[in-house]
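**Q** Below is the structure I would like to discuss, written out as structure tokens.
The values are calculated or read from the model by the stated rules, or taken from the named source; none is laboratory data. Since this is a predicted model, take the numbers as computed values, not measurements. Cβ coordinates were reconstructed from backbone atoms using ideal geometry, including for glycine residues, and neighbour counts include every protein chain displayed.
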Amino acid sequence: MTGNLFAVSDLHVSYAENRTVVDGLRPETPDDWLIVAGDVGEKVADIERTLAELRGRFAAVIWAPGNHELWTHPSDPVTLRGVARYEALVQVCRDLGVLTPEDDFAVWPGPGGPVAVVPLFQLYDYSFRAPGTSTKEESLSRAYAAGVVCTDEMLLHPDPFPDRESWCADRLARTRRRLDALDPALSTVLVSHWPLVREPTDVLWHPEFAQWCGTELTADWHVRYRAVVAVYGHLHIPRTTHYDGVRFEEVSLGYPREWKRRGVPPRPMRRILPDAGAGRA
Ligand SMILES: [Fe+2]
Ligand SMILES: [Fe+2]
């Protein structure tokens, strides 16, 4: 068995230059899989078209939602909010044959496997608070004072939950049940839009933004659920780091103004398995 497990996130296809990058995302072998870790775009039609294209090229595509997919954007004719919007996106994926956090976990059979590829949707709960604050309210008001407020506050509706942290709590409970039921002999690739641990947010230019980036309640998931790699995006800071000996891969493309600073052409697709550092044995 040959093949590569690749990952990418934050394709943000509302930008024409990013759509050109997506056109260039190609497998290296007919057995390659692609993880898409959220923020494909904001409009359901854009998300569907992009995932359909990628599904046509890769042997499997695994998607986890980002905050942008969950926005109810005024320019999107699909006006669903919150859970209903997420469920509609899951249905779009299922119709395309794209795996979601609601489906049975696929097991990567290629080099570096067998490993369960586990897309997660855990959202955030404002527990990555701004420095020097101890409550959500303090942390949020610090962000408003600094002028660093995530657009989620306006467009990511939690319906039918009263707030985003309640939705997050529900997602965590559902997800833990599924992870706990996994075969304990099976390693995982954990895939989420938001990082499972707080440390990646330490390098944010605006530390107030961290409160929209995850939850302290997933801090041990990479160890507890036997991750060989944890894939995430959202920060638009692509890099490889290690926490507790586990490789974390931030796989974002990001906005054109961001990737142009890093040099062109961008090569956003990162190899998750086999691990180049571990050899192909
Ligand atoms: Fe993004
Ligand atoms: Fe994001």
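**Q** Filter region 37-83 down to the residues that are free of Cβ contacts under 8 Å to residues at least 60 places away in the same chain, within 16 Å of ligand 2 (Cβ to nearest atom) and within 22 Å of Val149 (Cα to Cα), then identify the one that is surrounded by the most Cβ atoms within 10 Å (Cβ to Cβ).
**A** Filtering first and then ranking leaves Val40.
**Q** List every residue pair whose Cβ atoms lie under 6 Å apart, where the two residues are 6 or more positions apart in sequence or sit on different chains, the first residue falls within region 1-24 and is polar (S, T, N, Q), and the second residue, located anywhere, is in a loop (DSSP other than H, G, I, E, B) and more than 12 Å from ligand 1 (Cβ to nearest atom).
**A** Between residues of region 1-24 that are polar (S, T, N, Q) and residues that are in a loop (DSSP other than H, G, I, E, B) and more than 12 Å from ligand 1 (Cβ to nearest atom), the close pairs are Thr2/Thr29; Thr2/Asp31; Asn4/Glu28; Asn4/Asp32.
**Q** If you don't mind, another one. Quick check on region 6-36: of everything there that is among the acidic types (Asp, Glu) and more than 16 Å from ligand 2 (Cβ to nearest atom), which residue is surrounded by the fewest Cβ atoms within 10 Å (Cβ to Cβ)? Give the steps one after another, and end with the answer.
**A** Here is the first cut: in region 6-36, the ones among the acidic types (Asp, Glu) are 10, 17, 23, 28, 31-32.
When the remaining residues are screened for being more than 16 Å from ligand 2 (Cβ to nearest atom), the result is 17, 23, 28, 31-32.
On the way: Glu17: 14, Asp23: 9, Glu28: 12, Asp31: 17, Asp32: 20.
Here the residue is Asp23.
Condition check ((1) without any contact (Cβ under 8 Å) to a residue 60 or more places away in the chain; (2) under 22 Å from Pro114 (Cα atoms)) across all residues:
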residue: Arg198; (1), (2): no, no
residue: Leu217; (1), (2): no, no
residue: Val223; (1), (2): yes, yes
residue: Pro238; (1), (2): yes, no
residue: Tyr255; (1), (2): no, no
residue: Arg267; (1), (2): yes, no
residue: Pro274; (1), (2): no, yes
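**Q** Answer yes or no: is there a residue in region 48-63 that is under 12 Å from the mean Cα position of the chain (by Cα) and farther than 13 Å from Leu11 by Cα.
**A** Yes: one or more hits.
**Q** Which of the residues that make up region 184-224 are among the hydroxyl-bearing types (Ser, Thr, Tyr), surrounded by 23 or more Cβ atoms within 10 Å (Cβ to Cβ) and within 15 Å of ligand 1 (Cβ to nearest atom)?
**A** Scanning region 184-224 gives a single hit, Ser192.
**Q** Can you find, within region 147-179, the residue that is surrounded by the most Cβ atoms within 10 Å (Cβ to Cβ) among those that are part of a loop (DSSP other than H, G, I, E, B) and in contact with a helix residue (DSSP H, G or I) (Cβ under 6 Å, 6 or more places away or on another chain)?
**A** Here the residue is Leu156.
**Q** Filter region 225-266 for residues that are exposed (fewer than 15 other Cβ atoms within 10 Å of the Cβ), away from ligand 1 (no atom under 16 Å from the Cβ) and assigned to a loop (DSSP other than H, G, I, E, B); which is modelled with the lowest pLDDT?
**A** Top of the filtered list is Val264.
**Q** Would you say Pro195 is within 16 Å of ligand 2 (Cβ to nearest atom), out of contact with any Cys (no Cβ under 6 Å at 6 or more places or on another chain) and either outside any helix (DSSP H, G or I) or more than 17 Å from Ser127 (Cα to Cα) (or both)? Don't jump to the end; show me each part of the working.
**A** Numbers: within 16 Å of ligand 2 (Cβ to nearest atom): yes; out of contact with any Cys (no Cβ under 6 Å at 6 or more places or on another chain): yes; either outside any helix (DSSP H, G or I) or more than 17 Å from Ser127 (Cα to Cα) (or both): yes.
In short, yes.
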